[in-house]
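The values are calculated or read from the model by the stated rules, or taken from the named source; none is laboratory data. Being a predicted model, the structure only gives us computed values, none of them experimental. Neighbour counts are summed over all protein chains in view; Cβ atoms, including those assigned to glycine, are modelled from backbone coordinates with ideal geometry.
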Amino acid sequence: MVQLSKRISERAVSVWRIYALIRLAIFFLGYSLISFFLWRFADLKWLVLLLVVLYLIHFSLSVVLWPRWRWQRWRYDIREKEMEVECGVWTRRRTLIPMNRVQHVDFRQGPLLKKYRLASVVIFTAATVHEIPALDEQEAEQLCHVISTFAKVDDRDV
Amino acid sequence: MFEKKRLHPITIVSSIAKQWKDLLLPLFMAVVLKARDVSMIWNIAVPAVALFYTMLAGFFTWLRFTYQIDDEELRIEHGVFVRQKRSIPFERIQGISLSIGFFQRLAGVVQVRIETAGNELGKAEAVLTAVTKEEAEQIAQHIRRAKEKGDSAEALPLAYRSTPPDDIAFSLRFRDVFLLSATSGGVFGALAAISAFFSQLDDFISYDVLYRDMQGVIRNALDGVLALVVLFLVAYALSVGRHLLRYAFFTVQNQKETIIISRGLLEKQLLTVSKKRVQGIIMKENVIQRLLGYVSVHIIHAGGSLDGGESGSIVLCPFVKKKRAVSVILACFPEYCIHQHFQPLPERARVRYMLRPVYVLAIPLGAVAYFFRPWGIGLLLLLLVASYLGYKSYQMAGWAILGEQLALRNGLFRIETMYTRKHRIQSMAVFATWFQKRKRLRTLSVAVMPRMFFKVTDVDENEAEKVYTWMQ
């Protein structure tokens, strides 16, 4: 299959890293709680060491590598008749959505995305929801407009 | 004609009965389990308050529910504290289902369920619990008139009147209900229910005593077998009863724009489905049914669950010979072609299919086998069975494209074949895990309804691409 042409904004990597950091901070609590109990009550020091190593691997994967990989693999394409989305690091998934199945489009922007001048576009069909995350603000707005002009749901097909 | 009306007062009784039915088990538990220390509050006041509350609630819900049929729309107001108003234009109504339950029969009324083409599938439904037959007929006529006025000349006939039975496409034979109960696995469901019931009663029946008595009764293995046979017969009878209630007098009428399905023994149900809203057809067959050459046919219907089953799926034929199923579908939906020529999966997918059920079972079975040594080891033979099932599943799985039609088939215990048409598909995805990519395999997934995805795993890379480009 031909590779899709459009990519999402590279600033997505930074945003995803921040999200991962927040998640890992919560995980840190869990890790340290377990470590504390292991150290204090069970005296299993080697297990604690293993946990520390595990945490470091977890950290480097989810904060350093994963967002980069995810961004690299995120692609999409919008054409008059259909749109395509391709994503996924471990599981590569390519989805085709015929334009006349699109029911409505959402423009979404959380505080963090806003700070980075990014926005997500969410596409709804009668059966599924698809999100293109972290596009450049202006691009996202434009995309919403383009999709809604292309999308004219045929009444017969719902 | 335009006045606000209330439902027939039998609604109060039926809603109270329904709530009591739901309350019965928790109340029973609460009262009887605490029976050791009898207290007035717990044993009498709590149930009394609960029952009284449901009666009040039933009455006021009925009192505050009004409906109004005018020329263009059906207006419903309801809500005891927060009033809700809903108006449903007749021309937007997509399906209507009538049912006559126990209470409805007592009062000589019918229940009307209405389904519209709302965006939120399965939610835009209105239920009129008890209206007179004349009113139901009137609603149906309004719908018909509104449809005729609109651009589409679609009529939604209400088959409530005894329609001439010349358009019957399918009816379930009485003896098939027994076969259906025997083969559908409902027996095992009933067995599970029976055992669950007895385990619930654990606190009341002292099994130790019972067991000692039983030992007196069951002197030899033959009696044990007999007891087992009796248990199975009871389970089978329960299953037959359940299926009889649900599927007795099951008939499908095929009209120009609609399908009318009527069924039920105690609770009569009649539902009208617009053919335009049918997104696809599924044929299901489990291992036993497959051996006998029987299938069940379901239609994927864009809309709420009119027949009270799982949303989006309506039973067209509960149990039918495969050949007959093909002709029924052809009669009702001529645009579909039910065939058996499926593109098989590549050979390199076979190992994956044979190993997949083994992965899932290996750990639990291994653990059980370990704890019940040495005889437990025999359980590991089940892994071979699972692997064989996986092999069968590999042989069955496949896809087929025929003009505008896509068919997907998969399943382990129950083979499911889905036929849909290109313009019904909402989105299509092709994906691959790292392992699949290494073997140049893909998973094909098609969405036709919310929460209804059909997948075929391990399709050849190039063939998956072929299906994908067919969609473009």
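The table that follows gives values for the structure above.
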read-out	value
Single condition residue B:296 does not satisfy, out of (1) at pLDDT below 90; (2) not in a loop (DSSP other than H, G, I, E, B)	(1)
Any hit, the range B:318-335, residues being farther than 30 Å from residue B:175 by Cβ, among the basic types (Lys, Arg) and out of contact with any Ser or Thr (no Cβ under 9 Å at 6 or more places or on another chain)	no
In the range B:102-125, residue modelled with the highest pLDDT [restricted to those that are in a loop (DSSP other than H, G, I, E, B) and buried (at least 20 other Cβ atoms within 10 Å of the Cβ)]	B:109
Extreme residue, surrounded by the most Cβ atoms within 10 Å (Cβ to Cβ), among residues of the range A:35-82 that are polar (S, T, N, Q) and within 15 Å of the chain's Cα centre (by Cα)	A:62
Selection from the range B:415-446 of residues that are within 8 Å of chain A (Cβ to nearest Cβ), surrounded by 22 or more Cβ atoms within 10 Å (Cβ to Cβ) and assigned to a strand (DSSP E or B)	B:427, B:428, B:429, B:430, B:432
Enumerated helices (runs of 4 or more DSSP H) restricted to the range B:319-413, each holding at least 3 residues that are in the same structural domain as residue B:426 (by TED's automatic domain parsing) and modelled with pLDDT of 90 or more	B:350-371, B:381-396
Condition broken by residue B:229, with the remaining ones in (1) of a type in the set (Val, Ile, Thr); (2) more than 30 Å from residue B:13 (Cβ to Cβ); (3) modelled with pLDDT of 80 or more; (4) within 28 Å of the chain's Cα centre (by Cα) satisfied	(4)
Residue match in the range A:72-81 (condition: in contact with a Gly (Cβ under 8 Å, 6 or more places away or on another chain) and in contact (Cβ under 8 Å) with a residue 12 or more places away in the chain)	yes
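Yes/no per residue for (1) part of a loop (DSSP other than H, G, I, E, B); (2) at pLDDT 85 or above; (3) surrounded by fewer than 16 Cβ atoms within 10 Å (Cβ to Cβ):
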| position | (1), (2), (3) |
| --- | --- |
| B:134 | no, yes, yes |
| B:139 | no, no, no |
| B:144 | no, no, no |
| B:148 | no, no, yes |
| B:151 | yes, no, yes |
| B:156 | yes, no, no |
| B:159 | yes, no, no |
| B:170 | no, yes, no |
| B:177 | no, no, no |
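For every residue, the table says whether it meets (1) exposed (fewer than 15 other Cβ atoms within 10 Å of the Cβ); (2) more than 24 Å from residue B:439 (Cβ to Cβ); (3) of a type in the set (A, V, I, L, M, F, W, C).
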residue: B:312; (1), (2), (3): no, yes, no
residue: B:336; (1), (2), (3): no, yes, no
residue: B:341; (1), (2), (3): yes, yes, no
residue: B:381; (1), (2), (3): yes, yes, yes
residue: B:387; (1), (2), (3): no, no, no
residue: B:395; (1), (2), (3): yes, no, no
